[in-house]
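K.L.:
One structure is given below, represented as structure tokens, and several questions about it will come after.
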């Protein structure tokens, strides 16, 4: 049984859900980039050339793909939080039309995934994962709490719930009024 099934607490806001997805994507970028930093003992030949041609480039491609997912998740978060296409375009230094063309499908997919998770069959595993995180954000947020605390570098003011502690729930009264 999930937290939302119990009826004990109001569900999280859509913006909180989108923020958890964005946090997860940021974590993925960080982990992939961090993995490229160490130079393995047997990574280089004695003459300094690589033992595995193309391996580091493939790693960089994975980091870039993760960074694109992070950017997309950030745009969705901003839209769900009320930002218009003008603001998103301004931040990205593109026209509002270009910003909309680039991210409108991701926003629509996020919103539809919250309503109809069974309708994502052909959308792929990344979308399926995002929908799962968005529908039940607390589990992902708790995992991210652990990740942040394991990687804190002198940030002592994070508290014990640096991700889950910031999630916002819907106001039950507004939710009831909204659905009446």
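K.L.:
Indicate the gyration tensor shape class of the stretch 1-113 (rounded, prolate or oblate), computed on the Cα atoms with a ≥ b ≥ c the square roots of the eigenvalues: a/c under 1.5 is rounded; otherwise a/b larger than b/c is prolate and the rest oblate. Each step should come with its number before you reach the end.
P.N.:
Values: a/c = 3.73, a/b = 1.69, b/c = 2.20.
It comes out oblate by the Cα gyration axes.
K.L.:
Here is a follow-up. Counting other beta carbons within 10 Å of each residue's own, what order do 132, 27 fall into, fewest first?
P.N.:
Details: 132 16, 27 19.
Sorted ascending by nearby Cβ count, the order is 132, 27.
K.L.:
Report the label-to-label distance for residue 50 and residue 169 in nanometres (one decimal), using points 7 Å from each Cα along the Cα→Cβ vector.
P.N.:
5.0
K.L.:
Continuing with this model, one more query. Rank by packing, highest mean first: peptides 102-109, 45-52, 17-24, with packing defined as the count of other Cβ atoms within 10 Å averaged across residues. Provide the component values of the computation, followed by the final result.
P.N.:
On the way: 102-109: 16.0, 45-52: 8.2, 17-24: 25.9.
Taking the mean over residues of other Cβ atoms within 10 Å, the ranking is 17-24, 102-109, 45-52.
K.L.:
Using a basic spin-label model with each label point 7 Å from the Cα along Cα→Cβ, how many nm lie between residue 93 and residue 153?
P.N.:
Result: 2.5 nm between the two label points.
K.L.:
Moving on. Subtract the Cα-Cα distance of residue 39 and residue 161 from 0.36 nm times their separation in residues, and report this length gain in nm to one decimal.
P.N.:
Values: separation 122, 0.36 × 122 = 43.92 nm, distance 3.31 nm.
Stretched out fully, the residue 39 to residue 161 stretch lengthens by 40.6 nm.
K.L.:
Find the centroid of the Cα atoms in the stretch 8-50 and in the stretch 71-119, then give the distance between the two in whole Å.
P.N.:
22
Only the coordinates and a few stated rules stand behind these numbers; no lab work does. These figures come from a predicted structure and were not determined experimentally. In this analysis, Cβ positions are derived from the backbone assuming ideal geometry, glycine residues included, and neighbour counts consider all displayed protein chains.
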